[in-house]
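Novice: Dropping the structure in here first, questions after.
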Amino acid sequence: MAQWNHTVITELMFLAFPSHPELQALFFLGITIIYAVIVTGNLLILAAIQGDSRLHTPMYFFLGALSVVELSYTAAVVPQMLASSLQTRKTISFGACGAQMFFFIGLGGADCFLLAVMAYDRYVAIWHPLHYTLIMTWQLSLCLVVASLLVGFLLALDLVVLIFSLPFCGAHGIQHFFCDVPPLLWLVCAKTETHEIAVFLAGTAAVLVPFVLICASYIFIARAVLQIRSTRGRRRAFSTCSSHLVVVVLQYGCCGFVYLRPSSSFSPEQDQLLSLVYTLGTPILNPIIYTLRNGEVKGALRKALWKPVSLGVSESH
């Protein structure tokens with residue numbers, strides 16, 4: 001153990017990437033296409049919200065903040081994945097690994113808390129429609145977004161400091177595509193119950209706490225929807241929440257399975273697949289789901305896309 005404590009690791013190597021050149025090229029092409037769709041879809045949502053004054057409400061402010069966060073946390077991981085897939089030695093420096101984990105966990109935690117904030121926003125809109133604008137002020141909306149980011153990054157800082165202060169064994173290969181908590185814990189030599197509990201508590205705060213808040217909000221929302229007499233009113237209330245629920249189930253299902261369990265049950269292949277789902281799946285489905293199931297966003301997108309075309313036609317004449 002004393003020898004391990006003095007082991008100095010300057011870089012880590014990613015071992016999850018395909019080894020065959022053909023598979024590497026296919027992996028690079030697939031991730032590039034998905035990332036392009038993520039960036040395009042979320043930028044279109046931001047353009048639609050910015051360009052249509054009818055969407056200048058807290059609900060769409062939170063949706064825009066969610067798009068910015070998801071663009072940011074995919075940017076913390078995907079460019080490095082693409083660069084590593086083309087390299088012979090797929091390495092990352094020890095410091096860069098810590099920085100990547102900090103931003104990925106911090107922005108991912110903020111994403112989870114933002115989903116909880118959006119659930120609370122829907123609760124206020126359905127339970128207190130006449131006082132909605134008085135309760136969900138712009139000051140409160142901004143404070144909720146900032147608080148989500150602060151809590152996410154504080155939890156990320158605790159996790160990064162905890163993990164990177166532990167002694168690592170001589171092996172420096174990560175069974176993953178990027179620096180995440182479970183594969184790095186697998187390399188730690190001094191695995192104690194105290195560290196296990198600390199990591200579990202941090203994961204609970206980042207994943208389970210906002211999920212419980214979301215469940216509580218939707219219990220009240222369901223009660224309110226059941227009290228609506230008209231079928232049209234119930235359908236409209238449900239449509240404003242169903243898109244959010246789909247994103248919540250996908251995000252929390254994968255994150256909960258990865259982070260809320262003992263590190264001894266770490267399964268490289270399983271975690272690699274799930275990490276791709278919540279790293280790429282949610283950011284790509286978020287704009288698709290909110291666009292296809294939201295008439296206001298679709299109208300704003302048509303308006304935003306049609307305006308440059310109409311301007312070009314008018315200038316040509």
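Novice: What tally of residues in the stretch 1-25 results from selecting those that are modelled with pLDDT of 80 or more, in a loop (DSSP other than H, G, I, E, B) and either open to solvent by 90 Å² or more (accessible area, probe 1.4 Å) or farther than 12 Å from Thr91 by Cα (or both)? Steps first, answer last, please.
Specialist: We begin by selecting, within the stretch 1-25, every residue modelled with pLDDT of 80 or more; these are 11-25.
Then keep just the ones that are in a loop (DSSP other than H, G, I, E, B); that gives 15-20.
Cutting the leftovers down to either open to solvent by 90 Å² or more (accessible area, probe 1.4 Å) or farther than 12 Å from Thr91 by Cα (or both) gives us 18-20.
Going through the stretch 1-25 one residue at a time, the tally reaches 3.
Novice: Continuing with this model, one more query. Could you run through the stretch 149-183 and say how many residues are open to solvent by less than 30 Å² (accessible area, probe 1.4 Å) and over 15 Å from Phe103 (Cβ atoms)?
Specialist: Residues in the stretch 149-183 being open to solvent by less than 30 Å² (accessible area, probe 1.4 Å) and over 15 Å from Phe103 (Cβ atoms): 9 in total.
Novice: Now for a separate question. Out of curiosity, is Leu43 more than 20 Å from the chain's Cα centre (by Cα), assigned to a helix (DSSP H, G or I) and surrounded by fewer than 16 Cβ atoms within 10 Å (Cβ to Cβ)? Working first, answer last.
Specialist: On the way: more than 20 Å from the chain's Cα centre (by Cα): no; assigned to a helix (DSSP H, G or I): yes; surrounded by fewer than 16 Cβ atoms within 10 Å (Cβ to Cβ): yes.
Judged against the criteria, Leu43 is not a match.
Novice: Looking only at residues in the stretch 26-41 that are touching a Pro at 6+ places or on another chain (Cβ under 6 Å) and modelled with pLDDT of 90 or more, which one is nearest to Ser72 (Cα to Cα)?
Specialist: Here is the first cut: in the stretch 26-41, the ones touching a Pro at 6+ places or on another chain (Cβ under 6 Å) are 27, 38, 41.
Still in the running and modelled with pLDDT of 90 or more: 27, 38.
Working: Phe27: 22, Ile38: 11 Å.
Going through the qualifying residues, I end up with Ile38.
Novice: Within the stretch 122-148, take every residue that is closer than 21 Å to Leu208 by Cβ and at pLDDT below 90 and give me the one that is surrounded by the most Cβ atoms within 10 Å (Cβ to Cβ).
Specialist: By that ranking, first place goes to Arg122.
Novice: While we're here: Check off (1) under 23 Å from Val68 (Cα atoms); (2) open to solvent by 50 Å² or more (accessible area, probe 1.4 Å) for Pro210 and give me the number that stays unchecked.
Specialist: Failed condition: (2).
Novice: Look through Ile49, Ile34, Ile92 and report the one residue that is open to solvent by less than 40 Å² (accessible area, probe 1.4 Å), assigned to a helix (DSSP H, G or I) and among the hydrophobic types (A, V, I, L, M, F, W, C).
Specialist: Details: Ile34 fails: open to solvent by less than 40 Å² (accessible area, probe 1.4 Å); Ile92 fails: assigned to a helix (DSSP H, G or I).
On inspection, the qualifying residue turns out to be Ile49.
Novice: Would a scan of the stretch 203-219 turn up a residue that is within 19 Å of the chain's Cα centre (by Cα), under 30 Å from Phe17 (Cβ atoms) and at pLDDT 85 or above? Outline the logic, then answer.
Specialist: First, the residues of the stretch 203-219 that are within 19 Å of the chain's Cα centre (by Cα): 203-215.
Checking which are under 30 Å from Phe17 (Cβ atoms) leaves us with 203, 206-207.
Narrowing further to those that are at pLDDT 85 or above: none.
Checked the stretch 203-219: no residue is within 19 Å of the chain's Cα centre (by Cα), under 30 Å from Phe17 (Cβ atoms) and at pLDDT 85 or above.
Novice: Next question. Just give me the residues in the stretch 46-60 being of a type in the set (Ser, Thr, Tyr) and more than 20 Å from the chain's Cα centre (by Cα), in sequence order. Explain how you work it out, then say what you get.
Specialist: Kept after step one, since they are of a type in the set (Ser, Thr, Tyr), are these residues of the stretch 46-60: 53, 57, 60.
Correct list: Ser53, Thr57.
Novice: Another question, then. Quick check on the stretch 103-120. Is at least one of its residues touching a residue at least 24 places away in the same chain (Cβ under 8 Å) and not in a helix (DSSP H, G or I)?
Specialist: Initial filter on the stretch 103-120 (touching a residue at least 24 places away in the same chain (Cβ under 8 Å)): 103-120.
Then drop every residue that is not not in a helix (DSSP H, G or I), which leaves none.
No, the stretch 103-120 contains no residue that is touching a residue at least 24 places away in the same chain (Cβ under 8 Å) and not in a helix (DSSP H, G or I).
Novice: Quick check on my filter: what residues within the stretch 220-233 are of a type outside the set (Phe, Trp, Tyr), at pLDDT 70 or above and assigned to a helix (DSSP H, G or I)?
Specialist: Answer for the stretch 220-233, where residues must be of a type outside the set (Phe, Trp, Tyr), at pLDDT 70 or above and assigned to a helix (DSSP H, G or I): Ile221, Ala222, Arg223, Ala224, Val225, Leu226, Thr231, Arg232.
Novice: Would the stretch 102-116 turn up any residue that is open to solvent by 20 Å² or more (accessible area, probe 1.4 Å), over 22 Å from the mean Cα position of the chain (by Cα) and at negative phi?
Specialist: No, there is no match, as no residue in the stretch 102-116 is open to solvent by 20 Å² or more (accessible area, probe 1.4 Å), over 22 Å from the mean Cα position of the chain (by Cα) and at negative phi.
The values are calculated or read from the model by the stated rules, or taken from the named source; none is laboratory data. Bear in mind the structure is a predicted one, so any value in this text is a computation, not a measurement. Virtual Cβ from ideal backbone geometry, glycine too; neighbours counted across all protein chains shown. Each accessible area value is taken on the protein alone, full model and side chains, heavy atoms only, with ligands, DNA and RNA left out. Shrake-Rupley method; radii C 1.70, N 1.55, O 1.52, S 1.80 Å.
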